[in-house]
Every structure is written in structure tokens, then in C-alpha cells.
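The structure appears below as C-alpha cells.
The values are calculated or read from the model by the stated rules, or taken from the named source; none is laboratory data. Bear in mind the structure is a predicted one, so any value in this text is a computation, not a measurement. Virtual Cβ from ideal backbone geometry, glycine too; neighbours counted across all protein chains shown.
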Amino acid sequence: MICQAMEGKRLCTYDGIRTVKGNKRLCILHIDTYYRGEQIKWAPKRLLSYEIERRALAAAERSRINRLNEDYYVHNIR
């Protein structure tokens, strides 16, 4: 899963590895900020769902390209 905190006007790019405040996931950098008592700006659910979908599509595309490369090299090796 992804970190659900915002950095400025952008979504944090690190993967969330720890759950805090109910069901919110934070990366190591934001966990430190959270436990120091500083305020964290949480990302809207719509932005989180868009980012999760974007990452899933990118992973599917990488998988498709890897399969094509594998098929090419299997059939063209002498």
C-alpha cells in the first residue's frame, strides 16, 4: 500500500508500511512526524484510489512487456 500523507500538494511517493490512527498507512518518514506530534495532511480518498489504480496499471504493463521479452528470447535463441 501507499503512504496516505500529503507532501505539499503531492501524494507521498513512499510505500506505507505501518498502520496508525485506525486504518491510515504511513511510511517511515511520516510515522516519525506523526509520533513527534506534528500535524499530517491526509490525502483524499479519491487521490489514493487513483494512485493505487495507476500503480496497478503500470505493474500490468511491466508484466506484459516482460512476457513479450521472454517470448522473444525463448524463440530467437539458437
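Tallying residues that are more than 15 Å from residue 15 (Cα to Cα) and either surrounded by 13 or more Cβ atoms within 10 Å (Cβ to Cβ) or of a type in the set (Asp, Glu) (or both) within the range 51-78 yields 3. Among the numbered conditions (1) without any contact (Cβ under 8 Å) to a residue 12 or more places away in the chain; (2) in contact with a Leu (Cβ under 6 Å, 6 or more places away or on another chain), the only one that residue 19 does not meet is (2). What about residue 5, is it modelled with pLDDT of 90 or more, surrounded by 13 or more Cβ atoms within 10 Å (Cβ to Cβ), of a type outside the set (S, T, N, Q) and under 14 Å from the mean Cα position of the chain (by Cα)? Yes, satisfied. Entry remark, the range 41-78: residues being modelled with pLDDT of 90 or more, in a loop (DSSP other than H, G, I, E, B) and more than 14 Å from the chain's Cα centre (by Cα) number 2 in total.
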